[in-house]
Every structure is written in C-alpha cells, then in structure tokens.
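Data first, discussion second: the structure below is written as structure tokens.
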Amino acid sequence: MELIYKNVGIVGTGAMGRGIAQIAAQAGSLVTLMDAQTGAAEKAREAICAQWDKLVEKGRLEAAAATGHKARLLVVSTLADLAGCDLVVEAIVERLDVKKTLFAELEALVPAHTVLASNTSSLSVTAIAAALKHPERLAGYHFFNPVPLMKVVEVIAGLKTSAAVCSALTSYARQMGHTPVQAQDTPGFIVNHAGRGYGTEALRIVSEGIANFATIDRILRDQAGFKLGPFELMDLTALDVSHPVMESIYHQYYEEDRYRPSVITAQRLAGGVLGRKTGEGFYRYEGGVAQIPAEALVPEVAEIPAVWVSPRAARRSELLQLLKNLGAPIETGQSPSPEALTLVAPLGFDITTVAVVERLDPARTVGIDLLIDDATTKRRVLATNPATRNDMRDAAHALFARDGKPVSVIRDSGGFVTQRVVAAIVNIASDMCQQGICSPKDLETAVTLGLGYPMGPLAMGDLYGPTNILEVLFNMQTVYGDQRYRPSPWLRRRGAIGLSLMHEES
C-alpha cells in the first residue's frame, strides 16, 4: 500500500516529537525535524539514530534497515524548510497561544494540500485551529510516550476538521504500526478523560482516612488486577504532569464533580514531592526503588468465634462456602448470637449504614468486599466501622488469612476500595459513550493500550455486572450525598434492562 504521507515534518523535538519522527521514518516517510532551539533538532536526530543502533545490536533490526531509516531523517533550521511536507505534526509546549501562532505561520508557508496536526494532550483542537484561514486542514494527533512502545494514537476532529483529514491520519497511523482511535474534541479526549476515575477516587479514599497509599495500591493490584496501583502510577508519571491534567479536565468541564481533583496532590506538587524523579512522592525512593511499608502481620487469635452472615450479603452462598473451607464455625439462625462475629458484604453502602439498617450490633460487625468473585482475586479486603471491637476485627483478619491469601483491613468506606474505584471508572467511561465522545469499541481499545488497564472499562462493567455497578453508585451517592457518584444514563439504562455496556443504539 502506498504511503499516505511521503514527506512529514515534525516541529518540536522533545520525547514526543522524537518518537513520532522515529515511527514515521520506520514506516518509510521522509521525515524532517525542526526545533526553534538551536541544536535541538540535531541532538534529536542523534538520539533517534542511537535507538536504531541499539536495536541492531540486540538483533531486533537489520543493519540495512537502520541505514535506510537514518537516510530518511533530516534536520532543518526554519519553518520555511517544511514547505514541501504533506503532513506537519506539532509537538511543542502545551500552550494554546504558542500553538496557534505556530500553525498560523505554517499555514502561510505550506501548500494547500498539507495536513496540519497537533499532538496536544489537553488543549482544544477547535481552539488551536480557530485562527487559521482553513481550519478544516487541522486535526489532533495525540500519541503517548514512549511513542514506539505505546501503540495507540488518538485522532481528534475539531468542529471544522475535514472528515477526509481524519480518515487519512487514521490510515497513516496504521502504516506506522499504531492503532488509531477516533475522538471528538472534548477535554482529555479518550485516554486522559477515561483515566480520571482511577487516581481521583483513590485520592478521595486516602482523604477520608480509610487506608494508606500502599494499602490502596495493594488492593487495586491484587483484587482488580491493575498492573500499578494509582499512587505507584502517579509517582511514575510525576505530579507536575498528572495534577495539572486533573485540574485542566475538571475546569474545562465547568467543575464537573466526577473529575474533582484533590488537595493532596496540589499540596505535594507545591512542595516539590513529585514522585520517582525527585526521589520522593507517595513513596520514598532509594536507588530508584520504592521503599514500601510492610503489611500488618496476621493477628494471633486463640479461638475464632462463631460467624453469622447477613442474609443480604453479596455472593452470600459463595461466602458461606468460603467460611466452610476456612473451617469457621457458622451460625444459621435468623439473627446472630450475642458472641458471634457478624459479617456483612454490601455493595456501595458502608458498614455503619448496614449495621444500623439491619439492626446488627456494630461492635461485632465486619464487612467483606465481594464485588469480585473471591476465587479470582489475590487479596481479601475487610472493613470495620467506628464501633468494631478489636477482638472481632482481629478474629475476622485471622480467619480470612487461614489459607494464606493476603488480607487488608481498612476503615469504614462506602464501597470499600475496589468497588468505588471500579464504579468510578465504569461510570465515567459510560458517560463518555453517552456524550458521543467516541465509540465503545474505540474507548476500550484506547484505555487498554493507553492506560494498561487489565481490561477496558466497559468490559469491566460487564464482567462485574452493570446492575452491581449501579447499586454501588446509587448506594455511595446515598452514603456521601455527592453528585460525583450519580450514574450515567448510559449505565443506568443498560443496567436496568440487562444490556451489555458495549451495546450501541441503532
């Protein structure tokens, strides 16, 4: 297949610009690098060529191919030298005024057929193109760092972008070996928008004193299968990157509650506690290795009391079988005896609310999170309420750790940890579909490739049950009185009639 764009210009030679230049040259395009900073383009070319040399050394690239790639990578010193390009991709500082000025200059230099593309991650494509005489020729082309490894690219249409431009950029992304997804011009596009639930909800949990950073990271890795916990991830990306994105999307959506940032990250950013690159973030780093506090030891309990399980517990039959497997003495009466450890397993409600509504003794009541089948998780999570006795907490901890599976004990929380984070992710993704920001298929692809989630958010909702996710959200909204947890119409309607969250109306 003939290359969509044979001559490609890259303006800005930071990490993103270098990455785009590398994959474009590898696809066979003649790539021209330009940077306003003296010597930056030359250094970028040297860095890209060094990457190819390393691939040759490792046997992952033929020497002849590397030579061909290098021959197609040129350096120029002025914008006028890009006049022969079919496509010019901008990868400069994330400032609207600077980008608008650049594209106005480019429009006056390049021929009418040249496509202009911005690698913006958070600015409006429509706003960037507003000053152009022909805004239909400009689109968003958002790659992710490191570009050669992150195989997804968002193709974003501004209000006046030509459909043909987006179609050509989509095809060219495939020629470069990437997976394109199409997004409307909305704050955060797909990946940065969909990613709001993970970190912001984890920060809410910390702010309520429910658990510390390490415990939340362990729970979301071991229970829900995320590769990195939210605080590990924020330490990796650094707060000077992640916090401004949180604030930007929140303000661009006119203070939408679902995207509310946290004072925790604002304070840490102000104090320069940014993450791994500064040696200290949510964790302290020695030699680049996170110093993670050890887990609490399993309490030694002389005798496990009889256990009574609420008839309203989620997955009650599975919980009873688990207790049998663990050798627990089980009570079967309509109400617990005065000495029994009382177990509840709510969806969305906190343990306090359940104890009050079910008229249970809160001193003996402990909750367990069973949104996810216990057999598929690597960790169990228990929650106490403010009145839970220490002996009952310790007995529950010891009991559920009998088979060697790790147990985390947290303070009372509507939705524990996993329920509320998963529900936030699914709800935001559902509302993106409701707004028509992208197709369900492109959303799943973008999040899986761009964020590294164990599955797409809609698939996550289908797996754990849209009705269960709805119940978590409705009940959390009751507990907290916060519009943050109101369910999206997309989720509410599909959950109510038993449809997959991937289902699109005809």
Among residues belonging to the stretch 457-469 that are in a helix (DSSP H, G or I) and not hydrophobic (A, V, I, L, M, F, W, C), point out the one that is most open to solvent (accessible area, probe 1.4 Å). T467
Scanning the stretch 13-47 residue by residue, those in contact with an Asp or Glu (Cβ under 6 Å, 6 or more places away or on another chain) and assigned to a loop (DSSP other than H, G, I, E, B) turn out to be T13
Need a quick list: helices (runs of 4 or more DSSP H) entirely within the stretch 227-307 having at least 2 residues that are touching a residue at least 40 places away in the same chain (Cβ under 8 Å) and touching a strand residue (DSSP E or B) at 6+ places or on another chain (Cβ under 8 Å). 230-237
Given (1) open to solvent by 30 Å² or more (accessible area, probe 1.4 Å); (2) in contact (Cβ under 8 Å) with a residue 60 or more places away in the chain; (3) in a loop (DSSP other than H, G, I, E, B); (4) not acidic (D, E), where does L123 come up short, assuming only one miss? (2)
Please enumerate the residues belonging to the stretch 434-456 that are part of a helix (DSSP H, G or I) and either closer than 24 Å to R174 by Cα or β-branched (V, I, T) (or both). P440, K441, D442, L443, E444, T445, A446, V447, T448, L449, G450, L451
Being open to solvent by 40 Å² or more (accessible area, probe 1.4 Å), within 27 Å of T170 (Cβ to Cβ), in contact with a strand residue (DSSP E or B) (Cβ under 8 Å, 6 or more places away or on another chain) and small (G, A, S) narrows it down to one of G84, G17, so name that one. G84
Leading residue by the ranking (most open to solvent (accessible area, probe 1.4 Å)) among those in the stretch 336-391 that are part of a loop (DSSP other than H, G, I, E, B) and aliphatic (A, V, I, L, M): A387
Residue check for L61: outside any helix (DSSP H, G or I), open to solvent by less than 40 Å² (accessible area, probe 1.4 Å), without any contact (Cβ under 8 Å) to a residue 40 or more places away in the chain and touching a helix residue (DSSP H, G or I) at 6+ places or on another chain (Cβ under 7 Å): yes
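Quick grid of which residues meet (1) at pLDDT 95 or above; (2) over 23 Å from A47 (Cβ atoms); (3) under 20 Å from the mean Cα position of the chain (by Cα); (4) crowded, with 24+ Cβ neighbours inside 10 Å:
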position	(1), (2), (3), (4)
A104	yes, yes, no, no
G140	yes, yes, no, yes
V153	yes, no, yes, yes
T170	yes, yes, no, no
Residue check for V409: in contact (Cβ under 8 Å) with a residue 40 or more places away in the chain, in contact with a Phe, Trp or Tyr (Cβ under 6 Å, 6 or more places away or on another chain) and either part of a strand (DSSP E or B) or more than 28 Å from A214 (Cβ to Cβ) (or both): no
When the residues of the stretch 254-266 are narrowed to those that are surrounded by fewer than 12 Cβ atoms within 10 Å (Cβ to Cβ) and of a type outside the set (D, E), which ends up farthest from H193 (Cα to Cα)? V263
Note on the stretch 293-307: residues under 21 Å from D391 (Cα atoms), within 38 Å of the chain's Cα centre (by Cα) and either open to solvent by 90 Å² or more (accessible area, probe 1.4 Å) or among the hydrophobic types (A, V, I, L, M, F, W, C) (or both) are A296, L297, V298
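The values are calculated or read from the model by the stated rules, or taken from the named source; none is laboratory data. What you are looking at is a predicted structure, and each value in this text was computed from that prediction instead of being measured. Ideal geometry is used to build each Cβ from the backbone, glycine not excepted, and the neighbour counts take in all protein chains shown. Accessible surface areas use protein heavy atoms only, side chains included; no ligands, DNA or RNA. Shrake-Rupley method; radii C 1.70, N 1.55, O 1.52, S 1.80 Å.
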